[in-house]
1. Quick one: would you say Leu161 is farther than 20 Å from Leu61 by Cα and modelled with pLDDT of 95 or more?
2. Write out, first by first residue and then by second, each pair whose Cβ atoms fall under 9 Å of each other, whose residues are 6+ apart or on separate chains, and whose first residue, in region 137-157, is farther than 29 Å from Val177 by Cβ while the second is surrounded by fewer than 17 Cβ atoms within 10 Å (Cβ to Cβ) and of a type outside the set (A, V, I, L, M).
3. Does Leu175 satisfy the criteria of being touching a helix residue (DSSP H, G or I) at 6+ places or on another chain (Cβ under 7 Å), open to solvent by 50 Å² or more (accessible area, probe 1.4 Å) and assigned to a helix (DSSP H, G or I)?
4. Tell me yes or no: at least one residue of region 104-121 is farther than 21 Å from Leu158 by Cα, without any contact (Cβ under 8 Å) to a residue 60 or more places away in the chain, in a helix (DSSP H, G or I) and open to solvent by less than 30 Å² (accessible area, probe 1.4 Å).
5. With the requirement that a residue be outside any helix (DSSP H, G or I) and surrounded by 12 or more Cβ atoms within 10 Å (Cβ to Cβ), what does region 163-172 give you?
6. Quickly run through region 62-102 and pick out the residues that are open to solvent by 50 Å² or more (accessible area, probe 1.4 Å), without any contact (Cβ under 8 Å) to a residue 24 or more places away in the chain and of a type in the set (A, V, I, L, M).
Amino acid sequence: MNMNLVWIGVIFSIASTFLLVKYYGEILSGKQGHVFALAALFLSIVSSLSLFVVYRQWAILLNENTLNTKKLAESYGIDLKGIPLVPNWTYFAFVLFWFLSFLFPEVWLFSLLQVVFFVTFLHFLFEAARHLQEEKARLYRTLFDVEFRPIIKERNVLSVLLLTLITLGVYWLYLIVELSKEINEFLDADERTMKNLEVKL
């Protein structure tokens, strides 16, 4: 995971929110706040584009590790069919409707579909991470008698959505950073384990 992009996305998102609040404050006081509006729009776009890359990296890295785990299992005659991949269509549908909602903000259906597909993407991502860690721990224990503890926390889409709404988006920004760190830590731990076992795919 590229943590630089993670922090750019999160910090710029916070900054654009503050500028947007400042813009509305200027409007309510009868002043022109176009500078704040343009700055908020710019930072929001940069933040969104950075986070698009981050979300894509989440799926790609987990899928790559899943495929490598299946190859390892197959080399020992074990068929791992219980690890799902994060489907690409959920991510690309989300991005498509984000752009459509950005271009046509008056069409509420685009915004709704953007949320629906992103929630679907998160559901598959959380499930893939959970199954991957369970199967990897079982595989390492069976083949090498090595304990591999879960690092990526189990999460539920509904609880994430609820906490995001309750905290007005703050929890989501926290989760972006936390999940990215967990994925990096998981991949590093897996790589160290493989090197210690001197297993070559």
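1. Numbers: farther than 20 Å from Leu61 by Cα: yes; modelled with pLDDT of 95 or more: no.
So Leu161 fails the test.
2. Leu139/Tyr76; Arg141/Glu147; Thr142/Tyr76; Leu143/Tyr76; Phe144/Thr193; Val146/Thr193; Val146/Asn196
3. On the way: touching a helix residue (DSSP H, G or I) at 6+ places or on another chain (Cβ under 7 Å): yes; open to solvent by 50 Å² or more (accessible area, probe 1.4 Å): no; assigned to a helix (DSSP H, G or I): yes.
Against the criterion (touching a helix residue (DSSP H, G or I) at 6+ places or on another chain (Cβ under 7 Å), open to solvent by 50 Å² or more (accessible area, probe 1.4 Å) and assigned to a helix (DSSP H, G or I)), Leu175 does not qualify.
4. No.
5. Here is the first cut: in region 163-172, the ones outside any helix (DSSP H, G or I) are 167-169.
Result: Thr167, Gly169.
6. Leu67, Leu96
Let's see how each residue does on (1) acidic (Asp, Glu); (2) in a helix (DSSP H, G or I); (3) at pLDDT below 95:
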{"site": "Met1", "(1), (2), (3)": "no, no, yes"}
{"site": "Ser47", "(1), (2), (3)": "no, yes, yes"}
{"site": "Leu62", "(1), (2), (3)": "no, yes, no"}
{"site": "Leu85", "(1), (2), (3)": "no, no, yes"}
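The values are calculated or read from the model by the stated rules, or taken from the named source; none is laboratory data. Because the structure is a prediction, the values reported are computed rather than measured. Please note: Cβ atoms are built from the backbone with ideal geometry, for glycine as well, and neighbour counts cover all protein chains shown. The accessibility values were calculated without ligands, DNA or RNA, using every heavy atom of the protein model including side chains. Shrake-Rupley method; radii C 1.70, N 1.55, O 1.52, S 1.80 Å.
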